[in-house]
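Rule-based calculations on the coordinates, nothing more; no lab input. Remember, it's a predicted structure, so these values are computed and weren't measured experimentally. Note that we place each Cβ from the backbone using ideal geometry, even for glycine, and neighbour counts take in every protein chain shown.
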Amino acid sequence: MRCPFCGFLEDKVVDSREVSGGTSIRRRRECLECHRRFTSYERIETVPYRVIKKDGRREKFDRDKLLNGLLKACEKRPVPTSALETIVEEVEGLLQIAADREVSTTDIGNLVMERLRVLDEVAYVRFASVYRQFGDITEFLEEVRHLLEPNKGGPA
């Protein structure tokens, strides 16, 4: 770190503290040349990930939007909110470790439906009906038929 007073490149850290709820670190440093002290802040740089919508638009991923969709699908179902929050956290965690910082709504929907199918089949069908935008009743019935088939594991 370059001293802001003399430009010397070597210093020693005399104090470190977490700030902003642990999202950054404040460091007091002392220049080894002029012995003046200065403060630096260190934080993890994150690259936000974006969602590619079906019409090609790109939006910042919004975990609240995903949770609200799950809450609607599970309305009047015996599904605890904590289970839905876990789904959102799992999906968000998978997005964070992905190499690509852009993900399609199709991929997100598939990740959610895999988890929702195990949690509550009625909520799964509700979510699928909105997410997949069935064109007619035949497509909807086909999805339910896949759900009811033993040893199939649902839709591909």
- Item | Beta bridges by DSSP in the chain, antiparallel share as percent, to the nearest 5 | 85
- Counting only residues 5 or more apart in sequence or on a different chain, those whose built amide H sits under 5 Å from that of Ser24 are Val19
- For every other residue with a beta carbon closer than 12 angstrom to the beta carbon of Arg17, add +1 if it is Lys or Arg and -1 if Asp or Glu, then tell me the sum. 0
- Item | Inter-centroid distance (Cα atoms) of region 1-33 relative to region 43-86, Å | 38
- Step through the residues of region 78-94 one at a time and calculate ³J(HN,Hα) from phi using the Karplus curve (6.51 cos²θ - 1.76 cosθ + 1.60, θ = phi - 60°), rounding each to whole Hz and writing x for Gly and Pro. x, 10, x, 4, 4, 5, 5, 4, 5, 4, 4, 5, 5, 5, 4, x, 5
- Message: For the chain, give me every cysteine whose Cβ has no other Cys Cβ within less than 4.7 Å, ordered by residue number.
- Response: Cys74
- Query: Build a GNM of the chain with springs between Cα atoms under 10 Å: which of Arg132, Arg57, Arg26 gets the top mean-square fluctuation?
  - Reply: Arg26
- Query: Separation between the Arg36 and Phe140 pseudo-spin-labels, each 7 Å from Cα along Cα→Cβ, expressed in nm?
  - Reply: 7.2
- Using θ = phi - 60° and the Karplus curve 6.51 cos²θ - 1.76 cosθ + 1.60, what whole-Hz ³J(HN,Hα) does each residue of region 99-112 get, with Gly and Pro shown as x? 5, 8, 8, 10, 9, 7, 4, 4, 5, 5, x, 5, 4, 5
- Build a GNM of the chain with springs between Cα atoms under 10 Å: which of Lys54, Lys76, Lys12 gets the top mean-square fluctuation? Lys12
- Task: Excluding residues on the same chain fewer than 8 positions from Lys53, give the aspartates and glutamates whose Cα lies under 12 Å from its Cα.
- Result: Glu102, Asp107
- Task: Determine the calculated [θ] at 222 nm for the chain from helices alone, applying -39500 (n - 2.57) to every DSSP H run no shorter than 4 residues and normalising by the residue count; nearest 500 deg cm²/dmol.
- Result: -13500 deg cm²/dmol
